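The values are calculated or read from the model by the stated rules, or taken from the named source; none is laboratory data. The model shown is predicted, which means the values in this text are computed figures rather than measured ones. Here Cβ is always computed from backbone atoms with ideal geometry, including for glycine, and neighbour counts include all displayed protein chains. Keep in mind that these areas ignore ligands, DNA and RNA; they rest on the heavy atoms of the full protein, side chains included. Shrake-Rupley method; radii C 1.70, N 1.55, O 1.52, S 1.80 Å.
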Amino acid sequence: MLIKLIRSIAVNASGKNNLLFASISTEQLIRRASTMNSRITFTEDFLFRQLFDHQSSTYTYMLADLDSKEAILIDPVLEQVKRDSKLLRELGLTLKYALNTHMHADHITGTGYLKKLLPECKSVISRASGAKADEYLENGDIVKFGRHSIEAVSTPGHTNGCMTFIIKEQGIAFTGDTLLIRGCGRTDFQEGNPRTLYNSVHENIFTLPENFRLFPAHDYRGNMETTVFEERHYNPRLTKDIDTFVNIMENLNLPYPKMIDKAVPANKQCGLYDIPTDE
């Protein structure tokens with residue numbers, strides 16, 4: 001019914017309606033509607049929570065197997081560890097891993113503090129990050145919690161150690177700072193390289209199914225998620241050719257990150273920096 005309506009509007013629209021569809025073909029509209037209506041539904045035994053730190057605009061993700069009660073956190077923030085550990089207790093979950101998509105420069109990771117509060121938890125990060133952790137990931141490694149599993153895919157460019165975490169069964173991926181909603185991570189500090197980032201996105205994220213939902217490490221405009229389809233068509237930087245993208249990234253002229261001199265040294269040590277003494 002929706003596709004029939006779209007076809008009718010696209011073919012017969014006039015006046016104001018025509019303006020809405022003037023630059024979009026009927027096929028594009030049908031494809032967009034089909035993609036929006038084919039979102040993969042989470043399985044009943046899968047828990048997903050998106051948490052937010054207002055100071056750094058960082059998203060932390062809590063995922064769990066509701067049968068085994070094993071949980072993981074992706075990109076925890078030091079100042080939010082008590083919030084996260086409280087939620088884990090309330091939900092009756094055991095934190096198995098605290099993962100970082102990369103070595104952050106805009107906040108201190110909460111993995112060190114989490115390990116202090118929850119000794120059974122192990123810290124995990126890409127080996128290429130250069131940071132300390134209990135376990136290191138290489139491209140293609142699998143992280144399991146309960147019956148669920150994450151595939152860790154190397155997507156460097158923002159930093160050498162950036163990884164995207166993919167859960168194919170649930171139709172989701174966590175892109176860290178490599179791909180943001182209608183944007184991407186900076187490439188002008190740490191080991192940033194715009195050509196590398198462009199190739200990482202186009203080869204490893206844009207090749208996922210178009211209805212996969214994408215969850216970044218940050219958003220500064222109130223957006224919470226996107227899809228492969230949306231970013232392939234509407235990302236103002238990554239829809240360009242690679243040379244245009246490189247030129248854009250090399251001329252952003254952004255200010256020096258205010259937390260980098262504190263965050264990077266701390267995150268190299270798994271966030272073991274100014275951890276609160278009171279529990």
Prolate/oblate/rounded label for the stretch 43-108 (Cα gyration tensor, a/c 1.5): prolate
Quick check: from the Cα gyration tensor, does the stretch 209-265 come out rounded (a/c under 1.5), prolate or oblate? oblate
Which of the pairs Lys69/Lys262; Lys115/Lys144; Lys86/Lys115 have their Cα atoms more than 24 Å apart in this structure? Lys69/Lys262
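First select every other residue whose beta carbon is under 11 angstrom from the beta carbon of Leu66; then total the charges, Lys and Arg +1, Asp and Glu -1. Don't skip to the end; give the middle numbers.
Numbers: positive: Lys69, Arg147; negative: Glu44, Asp45, Asp65, Asp67, Glu70.
Counting the neighbours of Leu66, the net charge comes to -3.
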Mean Cβ neighbour count within 10 Å, used as a protection proxy, ranking 229-238, 107-116, 215-224, 124-133 highest first: 107-116, 124-133, 229-238, 215-224
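Rounded to the nearest 500, what is the 222 nm mean residue ellipticity of the chain from helices alone, with -39500 (n - 2.57) per DSSP H run of 4+ residues and division by all residues?
Per the formula, -8000 deg cm²/dmol.
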Suppose R0 equals 25 Å; then what is the FRET efficiency for Glu120 and Asp67 from their Cβ-Cβ distance, rounded to the nearest 0.05? 0.85
Order by accessible surface, 1.4 Å probe, largest leading, for residues Glu169, Glu135 comes to Glu169, Glu135
Which percentage, to the nearest 5, of the DSSP beta bridges contained in the stretch 83-161 is antiparallel? 40
Only bridges with both residues in the stretch 58-103 count here: give the DSSP antiparallel percent, nearest 5. 45
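Given a 1.4 Å probe and every protein chain left where it sits, what share in percent of the accessible area of the stretch 153-254 is carbon and sulfur?
In the stretch 153-254, the share of accessible area belonging to carbon and sulfur is 45 percent.
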Let me make sure I get this right: for the stretch 127-279, a, b and c are the square roots of the gyration tensor eigenvalues over alpha carbons, sorted descending. Under 1.5 in a/c it's rounded, otherwise prolate if a/b > b/c, else oblate. Which is it? oblate
Distance in Å, no decimals, from the C-alpha centre of the stretch 119-157 to the one of the stretch 174-241 is 20
So, relative contact order of the chain in percent, Cα under 8 Å, 6 or more apart, is 17
Give the residue from Ile166, Ser85, Ala152 lying farthest towards the positive end of the charge dipole for the chain; charges sit on Cβ (+1 for Lys and Arg, -1 for Asp and Glu) and the dipole is referred to the Cα centre. Ile166
Accessible area per residue for the chain in Å², computed with a 1.4 Å probe and the full protein assembly in place, what is it? 48
